[in-house]
Structures are given as structure tokens and as C-alpha cells.
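Student: To start, I am sharing the structure in question, which I have written as C-alpha cells.
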Protein chains: 2
Amino acid sequence: MAKKLPRNTVARLSQYRRLLEKYIFMDEPFIFSHDLARMLGLKPVNVRHDLMLLGISGDRRKGYSVNALLEAIGDAMDMENRGVVLVGMGRLGMSLVSYLRESGARIQVDAAFDVDPMKVNNMCEGIPCYSIGELGDFARKNQTRTAILAVPAEDVNDVVPILLRAGINGILNYTSGHLNVPEGIIVRNIDMVSYLEEIIYFNE
Amino acid sequence: MAKKLPRNTVARLSQYRRLLEKYIFMDEPFIFSHDLARMLGLKPVNVRHDLMLLGISGDRRKGYSVNALLEAIGDAMDMENRGVVLVGMGRLGMSLVSYLRESGARIQVDAAFDVDPMKVNNMCEGIPCYSIGELGDFARKNQTRTAILAVPAEDVNDVVPILLRAGINGILNYTSGHLNVPEGIIVRNIDMVSYLEEIIYFNE
């Protein structure tokens, strides 16, 4: 599939879907783009633009068909290969696995990787946990390209090369460390400290 | 203090500081803005603009003084009231408290709030944990305005009004729920599912 949607649109489509899925128990639900925007705290102009990119149009009086929206979002976003691994199965890692499962998202973590002998080769949070040395074999066999990184910050420089050698090219970084990766590798940083400093700055 | 820095600048200043603090063991360290940009994966033009907003200028040959940068960032960002509470001391909440402590950030969580009788009125992860019903008194006494929200998604609608009544006006939302808050309340959402869907979309 051609990757033609802008990055911000993709992130918003994911939010739309989770909200819209709450409507599907209704009989033929419809929604206006400005209501979608309001409920998610987004700008109406962005929402309208995203829906235009999906190629669907709404009814002037009723708004958009929720079922048509969900179908279009699924067509646009659902890649064949959605396998994710988690690296660093400490308390943060375990809480992320269970959070993701409880969120009802379509994404599931296939396996975890750690160095703790108590965890390696055992089930952990309902998923298998392997030694970090096995990541390469696992990723090749399962064509895994996405990893959630939750190791201690001081281990980041040792672990990132292992991810890259394993063919991982998308990383959701929960560590406070900055990842040095070559161009073409997608990194999203969950930087708790920056977010908090920003909130504190503006709510004084 | 006048709040005049743009939101993206504030988030980046927080990142600069954590990187620059690694340099202070050196004797009179200097850094070029393009090196700062490269190390953090940012655009050089944004970094230059941020430093300009701080009102400091670099030396053409040596770059910026790291000590002067750190002082300017501290002057610009460090608010008097940096107290933060965490609401929802489950596994995710506990891992966030310990993550923040280990990150060496200037922000610390003063107290946690939960409903679990095993946790309430005990120390948890090194901080006191109180009943959620005590949040209002605590926040007023300590002038707390910022909360990290890590309750189960189904409790969000019950908990947010308690935060607002307690005078919290900045929320870092780790739940998958959307927060309905009045204008003027700052919410930053850590939406793991959107981030992952975005990564998967672009790294297929």
C-alpha cells in the first residue's frame, strides 16, 4: 500500500477509531466531524481534512456514517504485519503489556525480551519472555519490525544496536535516553520529564 | 513570570537541559547549536530559534557556553511550584514514580492517591500514598496543580472531577481515556496505542 497519509493524520485516525468503536452498538450511527473534534479535543479543520484524505464524505444533515468511517480507517491503516515486541520486561515493561491488552487495541505484544534469568523462557504477563540474545532469530522468523523499548536508561546504548541488527525499524522509546539510530528508523519518544516540565511551565 | 515561550520550545528546553547536564563535569564546556540538534534528532533551525528566545548568543568559533545555557534554561523554566501528585498507584503508577526518580529530573512526585486499602496511608515506592478522598486537602495545603493520571480507563470519568475540584489544572494522562476538562486545564495524553499505530503504519 502507498504510504501517503501525513503522520499527524495517522495518529488522529487511531484516536478516531477508538472513539468510534464505542458507537457500533447503535443502529446505523452517524457523527458530525465537529462533534468528533470536540470529543477528542482536536481542531475541526484537522478532522475534516483527515476525513477528506480518507476519501469519504458526510451527509449534510446526518454527518458521517460511523461504520463507513471505521471501514475507511481500517483500510487506510491496518497493515498486514502488526507484530510488536517489548524489550525490557521490568515493572514498566510489564505494566505496558497489560495496559495494551486492556486497551482493547488491535496491537498485541508477541513476545518480551529481557536478561533476567527468572523471566527468560517463562511466560510473563501472558506472553513468552526470551533472552535478549534471541531477539534476532525471533524478529526474522516473525518478521517483527516494531519494538517497545523499556530498558533502564543506562542500557540503551547496548540494546539499540541489538534491535537494529534484528531488523527492527520502528521503536517506541519509553526510556529517558536519546536513541542514536540511522536515518530511516522511526523513533517516537515518550518523554515523561519533558511533558511534565511543559505542563508545570504553563499551569503556574 | 510572564509565560512567553511557545509550547514546543518549552518541551525542547527540557530535553536540552538533560543532555547538557552530562557535560558539566568538563572544564568550561561549549556546544554548537547544530551539534545539540543532531544529538537530539531535532532541526537545527528550531534549536537556534529556541536559544535566541532564551536571549543568549553563542561564540562564532566555540559555540554556546553550556553553563550559560543551563542557567538560562533554569531561569526560563524553573517555576517555584513544581509539586506533582500521582493518581492511581497501580503497577503503571508505581513504575512511573520510580522512573521519574531514576531519571534524575528536577520533578518529584510528592504523594500518590489510590483506593486500595493496602496502599492508603502507607509508603509506596518511597512516597506517601493517601486515599483519593484526601486529594483536595493535600492539593490545597501543598498548592499542587499538576497530576499524573494512571487509573484504569473505566475510572477516568469518576476521577477527573475530583482532580478539578482539588484545583489541579495540569494533567499528564497515561490512561487511554479521553479527558473532558474545561478550557484552561492543560492535558497531555500519553497515547501508547496511537504512537504504536503510527510507527507500524510508517515502517511496513
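The values are calculated or read from the model by the stated rules, or taken from the named source; none is laboratory data. Just so we're clear, the structure is a prediction, and the values are computed from it rather than from any experiment. Positions of Cβ are backbone-derived with ideal geometry, glycine not excepted, and every protein chain shown enters the neighbour counts. Note: accessible area is taken over every heavy atom of the protein model, side chains too, but ligands, DNA and RNA are not part of it. Shrake-Rupley method; radii C 1.70, N 1.55, O 1.52, S 1.80 Å.
Student: Could you state the number of Å between the C-alpha centres of the range A:151-201 and the range B:45-94?
Tutor: If we compute the Cα centre of each part, the gap is 19 Å.
Student: Counting Lys and Arg as +1 and Asp and Glu as -1, what is the net charge of the other residues whose Cβ lies under 12 Å from the Cβ of B:PHE32? Show your work: numbers first, answer last.
Tutor: Details: positive: B:ARG38, B:ARG48, B:ARG60, B:ARG61, B:LYS62; negative: B:ASP35, B:ASP59.
Cβ neighbours under 12 Å give a net charge of +3.
Student: Among all the lysines, which ones have a C-alpha under 27 Å from A:LYS4's C-alpha, if same-chain residues fewer than 8 places away are not counted?
Tutor: Within the straight-line cut-off, A:LYS4 pairs with A:LYS43, B:LYS43.
Student: Compute the relative contact order of the range A:1-160 as a whole-number percentage, counting only Cα pairs closer than 8 Å that sit 6 or more residues apart in sequence. If you can, show how the numbers build up before the last one.
Tutor: Numbers: 179 pairs, mean separation 31.0, N = 160.
With pairs under 8 Å counted, the relative contact order is 19 percent.
Student: Moving on to the next point. Above 27 Å lies some portion of the pair distances; for the range A:77-204, what is it as a whole percent of all C-alpha pairs?
Tutor: Working: 1452 of 8128 pairs.
In whole percent, the share of Cα-Cα pairs in the range A:77-204 beyond 27 Å is 18.
Student: Next question. On average, how much area does the Cα convex hull of the range B:51-91 cover when viewed from any direction, in nm²?
Tutor: Details: hull surface 20.4 nm².
Result: 5.1 nm².
Student: Let me ask another. Picking from B:VAL193, B:VAL84, B:VAL151, which is most flexible by a Gaussian network model of chain B using Cα springs under 10 Å?
Tutor: B:VAL193
Student: Right, next: Averaged per residue, what accessible area in Å² does the range A:115-204 show with a 1.4 Å probe, protein chains only? Walk me through the numbers on the way to the answer.
Tutor: Values: 4110 Å² over 90 residues.
Here the per-residue accessible area is 46 Å².
Student: Let me know the mean shielding of B:185-193 by other chains, meaning the per-residue number of their Cβ atoms within 10 Å of its Cβ.
Tutor: Working: counts 1, 6, 2, 7, 4, 5, 6, 11, 12.
Average neighbour count from other chains, rounded to a whole number: 6.
Student: Could I ask something else about it? So what is the diffusion coefficient of the range A:115-176 in µm² per second by Stokes-Einstein at 20 °C and 1.002 mPa s, using a Kirkwood Rh over Cα pairs? It would help to have the intermediate numbers written out before the result.
Tutor: On the way: Rh = 12.2 Å.
D = 175 µm²/s.
Student: Now, a different point. When you have a sec, figure out the Kirkwood radius of the protein assembly as shown from all distinct Cα pair distances and drop it here in Å to one decimal?
Tutor: On the way: mean 1/r = 0.0437 Å⁻¹.
That comes to 22.9 Å for the protein assembly as shown.
Student: B:CYS124's amide H: which non-local residues (gap 5+, or another chain) put their own amide H closer than 5 Å, with H modeled 1.01 Å from N in plane and none for Pro or chain starts?
Tutor: Sorted by chain and number, the residues that satisfy this are B:CYS129.
Student: What residue among A:ARG17, A:ARG61, A:ARG38 has the largest mean-square fluctuation in a Gaussian network model of chain A, using Cα springs under 10 Å?
Tutor: A:ARG61
Student: Using the reciprocal of the averaged 1/r over all distinct C-alpha pairs, how large is the Kirkwood radius of the range A:80-147 in Å?
Tutor: Numbers: mean 1/r = 0.0837 Å⁻¹.
Every distinct Cα pair counted, the radius reaches 12.0 Å.
Student: Would you mind working out the magnitude of the charge dipole of the protein assembly as shown relative to its Cα centre, with +1 at each Lys and Arg C-beta and -1 at each Asp and Glu C-beta, to the nearest 20 Debye?
Tutor: 1180 debye
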